[in-house]
């Protein structure tokens, strides 16, 4: 069976033990089961929402092993593998493949931002694609990298046989449109913006990898399903419910906001890893109110 890259996928959070700060297996597995039961087309492990930058290498391995035991063959298991060196990115892609990942999400190196010219980035991504045992998905997230992947670069990379798509988390529809020029039967454009999911689908994107989909899966999934069925009015109404959650909880409050939201809908967010700070007091109350307004919170 050949799976189609599309629908709503979730960049799962990494759950930590409240006392030790070590990985917490039971809630991690329970969250993934709940995400899949809610209709997500797959999960991304060790993505931005999974606090990838704060994980140790052995933790990435363990998370993938836990996820692989749960994610069925008809859903996607994608690993975030981006690193500052081409060498480490390739090593992570190989190690992820050994643990059952079916694709690798690759953010651009960005510490030496001024030197990350189109030529340097093209060479990096080409070498990763050449040597990765699994297909790679490019990851555009200027919020963290402080530069976008140029549309021309993406069009060039899209011709590589082992580059199968891009996740665009810029929230910039003009940028997204440039990437859509590269979309083919083999190369898929996904949005990372929950607030712009409907617009992205309207423009031709095939789905999204959405943090908001972790705690608002019924709403996010319904946008894709009703849009695909031709009921654009229903898709539009669902998008209106999703926008405040995506913009406020994900966009403004970040990982701590997403974890608070998961706690409030009956899943497990739990603590963030330092130096991130947990969401307390007014911030948590704000998340609870947004969830109540959207009809999603179990915590009145």
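The values are calculated or read from the model by the stated rules, or taken from the named source; none is laboratory data. Because the structure is predicted, anything quoted here is derived from the model rather than measured. When we count neighbours, we look across all protein chains shown, and the Cβ atoms used for this are built from the backbone with ideal geometry, even at glycine.
Hey, any hits in region 111-121 for a residue that's under 18 Å from the mean Cα position of the chain (by Cα), touching a residue at least 12 places away in the same chain (Cβ under 8 Å) and buried (at least 18 other Cβ atoms within 10 Å of the Cβ)?
Quick first cut of region 111-121, residues under 18 Å from the mean Cα position of the chain (by Cα) only: none.
Within region 111-121, not a single residue is under 18 Å from the mean Cα position of the chain (by Cα), touching a residue at least 12 places away in the same chain (Cβ under 8 Å) and buried (at least 18 other Cβ atoms within 10 Å of the Cβ).
When 19, 14, 49 are checked against the criterion of being at pLDDT 95 or above, in contact with a strand residue (DSSP E or B) (Cβ under 8 Å, 6 or more places away or on another chain), farther than 30 Å from residue 204 by Cα and not in a helix (DSSP H, G or I), a single residue qualifies: 14.
Checking each residue in region 197-212 for being outside any helix (DSSP H, G or I) and either under 10 Å from the mean Cα position of the chain (by Cα) or more than 16 Å from residue 41 (Cα to Cα) (or both) picks out 204, 208, 209, 210, 211.
Got a sec? Which of 180, 149, 138 is farther than 17 Å from residue 208 by Cα and in contact with a strand residue (DSSP E or B) (Cβ under 9 Å, 6 or more places away or on another chain)? So that I can check it myself, show each step before the final result.
Numbers: 180 fails: farther than 17 Å from residue 208 by Cα; 138 fails: farther than 17 Å from residue 208 by Cα.
After ruling out the rest, the residue left standing is 149.
Here the condition is being in contact (Cβ under 8 Å) with a residue 24 or more places away in the chain and either more than 20 Å from residue 294 (Cβ to Cβ) or surrounded by fewer than 24 Cβ atoms within 10 Å (Cβ to Cβ) (or both); of 212, 189, it holds for 189 alone. State whether the residues of region 49-62 include one that is touching a residue at least 12 places away in the same chain (Cβ under 8 Å) and more than 24 Å from residue 125 (Cα to Cα). Scanning region 49-62, I find at least one residue that is touching a residue at least 12 places away in the same chain (Cβ under 8 Å) and more than 24 Å from residue 125 (Cα to Cα), so the answer is yes.
Among the residues of region 72-86, those that are touching a helix residue (DSSP H, G or I) at 6+ places or on another chain (Cβ under 8 Å) and surrounded by fewer than 22 Cβ atoms within 10 Å (Cβ to Cβ) comprise 72, 75, 83, 86.
Between 297, 222, the distinction of being closer than 24 Å to residue 170 by Cα and touching a helix residue (DSSP H, G or I) at 6+ places or on another chain (Cβ under 8 Å) belongs to 222 only. Looking only at residues in region 236-293 that are at positive phi and at pLDDT 95 or above, which one is surrounded by the most Cβ atoms within 10 Å (Cβ to Cβ)? That would be 270. Looking at region 127-135, can you tell me whether even one residue there is within 17 Å of the chain's Cα centre (by Cα) and closer than 25 Å to residue 10 by Cα? Among the residues of region 127-135, at least one is within 17 Å of the chain's Cα centre (by Cα) and closer than 25 Å to residue 10 by Cα, which makes the answer yes. Quick check: anything in region 214-221 modelled with pLDDT of 95 or more, in a helix (DSSP H, G or I), farther than 27 Å from residue 17 by Cβ and touching a strand residue (DSSP E or B) at 6+ places or on another chain (Cβ under 9 Å)? The answer is yes, given that some residue of region 214-221 is modelled with pLDDT of 95 or more, in a helix (DSSP H, G or I), farther than 27 Å from residue 17 by Cβ and touching a strand residue (DSSP E or B) at 6+ places or on another chain (Cβ under 9 Å).
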